[in-house]
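Step one of this worksheet: look at the structure below.
Values quoted throughout were computed directly from the atomic coordinates according to the rules given, and no laboratory measurement underlies them. Note that the structure is a prediction, hence the values are computed from the model and not measured. When we count neighbours, we look across all protein chains shown, and the Cβ atoms used for this are built from the backbone with ideal geometry, even at glycine.
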There are 2 protein chains.
Amino acid sequence: MGERPALSKGEMEVARVLWEKGPAAVRAIHAALPAERAMDFATVQTYLRRLETKGYASSRLDGRIRIYAARTKPRTVIRETVNDLVERLFGGETMPLVRHLIEERGIEADELAELRALVERLESKGQADD
Amino acid sequence: MGERPALSKGEMEVARVLWEKGPAAVRAIHAALPAERAMDFATVQTYLRRLETKGYASSRLDGRIRIYAARTKPRTVIRETVNDLVERLFGGETMPLVRHLIEERGIEADELAELRALVERLESKGQADD
DNA sequence: ACTGTCCAAGTACAAACGTACGGGTGAGGT
DNA sequence: ACCTCACCCGTACGTTTGTACTTGGACAGT
């Protein structure tokens, strides 16, 4: 039912902070942005307004302060975004991207262990249903 | 050194075909696009021109036909694109995306086997060097 | 030579994006 | 009561993107 317009890159960064910090004022979101990604306070304000227009966030006034809250779960947005990327860049196939991530970006030993566990879990489950 | 402007979504789709079909005329690229993703011939032309402007493709005239060729390897573009996505949407961490792909998008049995092999290969290599 | 077809290349143009400024207004300090 | 600071909100504005039309020339068949 979504049919929200997709998030732009900038909006995504702000949305990420919004998910992490829960409902929060513009000031707080702005402060929580990664330092190397400095954007103007007003820019963050604009992004939040756009997030709301697009249906990804809601807001209420607490006194004179507007508090923004996410209306969409990260999982959903990630799904939509990743699906789109996989479609456009890999013709819809998942594995090439998985391969790329593991081989090209490299993962740590503990992550590798987690991955193995994940694979094994799926292997045993795969036997039963599909 | 790259510092090409990033590819837009539409450009990406065309680039993908360009990689697959090797050097090719606009007509061929247009024909090779997934049927459900119909875009006008002229639109493909525009995308190819933009790909060239951005440094992702080169072209030469063969008679009156312009032949486009990729100038960047898929791997490179994928790396840049995925890095950007991982940065913005996952704060730079790889595993959450890997997890998402495997769990949410689901992979087939044979892919799972491949994945296991991949994991095992990395496990044995990880012991030796880093 | 005339016509229809095909292509390159220039131009178009509205919407989305990234990024921000400026006016107005309330709240707090002095 | 006044000044200052913070914040909301409307507005702005150049660039990029998606999508295409159009003009003019080359080639192919008649």
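Can you work out ³J(HN,Hα) from phi for every residue in the stretch B:51-60, in order, using Karplus 6.51 cos²θ - 1.76 cosθ + 1.60 and θ = phi - 60°, giving whole Hz and x for Gly and Pro?
My calculation for the stretch B:51-60 gives 4, 5, 4, 7, x, 8, 9, 10, 8, 9 Hz in order.
If one takes the longest principal axis of the Cα atoms in chain B, at what angle in degrees, from 0 to 90 and to the nearest 10, does the Cα axis of helix B:109-128 lie?
Helix B:109-128 sits roughly 70 degrees off the main axis of chain B.
Which net charge results for the neighbourhood of residue A:17, defined as the other residues with beta-carbon distances under 13 angstrom from its beta-carbon, given Lys and Arg at +1 and Asp and Glu at -1?
On the way: positive: A:16, A:21, A:27, A:37, B:88; negative: A:11, A:13, A:20.
Here the charged neighbours net out to +2.
What ranking of B:123, B:11 emerges when the number of other C-beta atoms within 10 Å of each C-beta is taken as an exposure proxy, fewest first? Numbers along the way, then the final one.
Details: B:123 14, B:11 22.
Lowest count first: B:123, B:11.
What is the ratio of the Cα radius of gyration of chain A to 2.2 N^0.38 Å, with N the residue count, to two decimals?
Working: Rg = 18.5 Å, N = 130, 2.2 N^0.38 = 14.0 Å.
Taking N as the residue count of chain A, the ratio is 1.32.
Give the average, rounded to an integer, of partner chain Cβ atoms located within 10 angstrom of each Cβ in A:56-68.
Numbers: counts 0, 0, 0, 0, 0, 0, 0, 0, 0, 0, 0, 0, 0.
Partner Cβ neighbours, averaged per residue: 0.
Sorted from fewest to most neighbouring beta carbons within 10 Å, what does the list A:4, A:64, B:60 look like?
Values: A:4 16, A:64 5, B:60 10.
Result, fewest neighbours first: A:64, B:60, A:4.
Over chain B, calculate the relative contact order: mean separation of alpha carbon pairs under 8 Å at least 6 apart, over the residue count, as a percent.
Details: 91 pairs, mean separation 26.3, N = 130.
The value is 20 percent.
With runs of 4+ DSSP H residues as the only contributors, calculate the mean residue ellipticity of the protein assembly as shown at 222 nm using -39,500 (n - 2.57) per run, divided by the residue total and rounded to the nearest 500. Can you show the working numbers first?
On the way: 12 runs with 153 residues, N = 260.
It lands at -18500 deg cm²/dmol.
Pairs to check: B:73/B:125; B:9/B:73; A:9/B:9. Give those whose C-alpha atoms are more than 19 Å from each other in this structure. Walk me through the numbers on the way to the answer.
Values: B:73/B:125 27 Å; B:9/B:73 17 Å; A:9/B:9 12 Å.
In this structure, B:73/B:125 lie more than 19 Å apart at Cα.
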